[in-house]
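Input: a single structure, listed below in structure tokens.
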Amino acid sequence: IQQIDALRRQIEISLKGDAQPPPILEFSNCKFNPKLQDNLTSAGYETPTPVQMQALPAALKGRDVLVSADTGSGKTLAFLLPIISKSCMIRMWHLSERAHPLAIVLAPTRELAAQVEEQAKALAKGLPFKTALVVGGDAMPQQIYRIKNGVELIVGTPGRLIDLLSKHDVSLEDVCMLVLDEVDCMLERGFRDQVMQIVQALYQPQIMLFSATIPPAIESFAATILKQPLLISAGRPSL
Ligand code: ADP
Ligand code: MG
């Protein structure tokens, strides 16, 4: 335990919450599907960044997390890798016969959502993992068609996803992971009610919140939607 604490200090990670999983030092410690590990390596990702070292094992264990780390610290992989890894297991073991979405990532802007979707597609090349981008400005019928044909991940902005859910019977009953990326920005833009509506449409999902900063509004928001959360902060003074 002292060694783990020393390691966390060394990589500048602080944690709050029960049952804290030890950080990983190599992506190989995550035991990803070999194809996913290959894709990571060929994309040039050799070692995890500090936030990934701590957030990956927590997310892979199914924990709800609130993660704060500076812009550019690698938060995207910290949620995409667990989503891709778990979704592929669910599909390969046929744990769900239906081709309904398994995960949702919400982002505050369409540009950010598009970037996240691009990265997910690149990481999941060759795997049974499809994505749909659900943002304003793009044609909704095509977005719906894509989802109904079977996708594992929906990446979108809250407003457009609500529109789509209210007008069409896209089933979210298999969604078991929800990520709110740049949640600080999302609340500043007034998306709180829409996000809550989406949370309430899901059945006990694992929820992961990512943010550059944790103002008090985020802490209280997190307390209302997360179950026994782990608070992870990288590269800043202890929580
Ligand atoms: P954040 O969301 O925290 O602002 P990103 O996830 O956008 O950061 O990552 C920032 C940059 O770092 C991206 O170009 C990404 O490809 C790169 N990156 C992320 N993780 C790693 C890693 N483990 N090794 C090398 N580069 C990485
Ligand atoms: Mg980011």
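Just to be sure, is S14 outside any loop (DSSP other than H, G, I, E, B) and over 19 Å from S233 (Cα atoms)? Judged against the criteria, S14 is not a match. Residue count for the stretch 220-229 satisfying the condition of being assigned to a helix (DSSP H, G or I), in contact (Cβ under 8 Å) with a residue 12 or more places away in the chain and surrounded by fewer than 20 Cβ atoms within 10 Å (Cβ to Cβ): 1. Within the stretch 166-207, being of a type outside the set (V, I, T), within 16 Å of ligand 1 (Cβ to nearest atom) and closer than 24 Å to Q143 by Cα holds for L180, D181, E182, M186. Reported count of residues in the stretch 63-100, each being buried (at least 17 other Cβ atoms within 10 Å of the Cβ), within 28 Å of P216 (Cβ to Cβ) and of a type in the set (S, T, Y), is 3.
The condition (being under 26 Å from I232 (Cβ atoms) and either exposed (fewer than 15 other Cβ atoms within 10 Å of the Cβ) or of a type outside the set (K, R) (or both)) is satisfied by just one residue among I154, I144: I154. One residue alone among F210, F129 is part of a strand (DSSP E or B) and not acidic (D, E), and that residue is F210. Residues in the stretch 54-80 that are touching a strand residue (DSSP E or B) at 6+ places or on another chain (Cβ under 7 Å) and more than 11 Å from ligand 2 (Cβ to nearest atom): Q54, A55, A58, A59, G62, R63, D64, V65, L66, S68.
Quick note: the coordinates plus some simple rules give every number you see, no bench work behind them. As the structure is a computational prediction, the values presented were derived from the model and not from experiment. Virtual Cβ from ideal backbone geometry, glycine too; neighbours counted across all protein chains shown.
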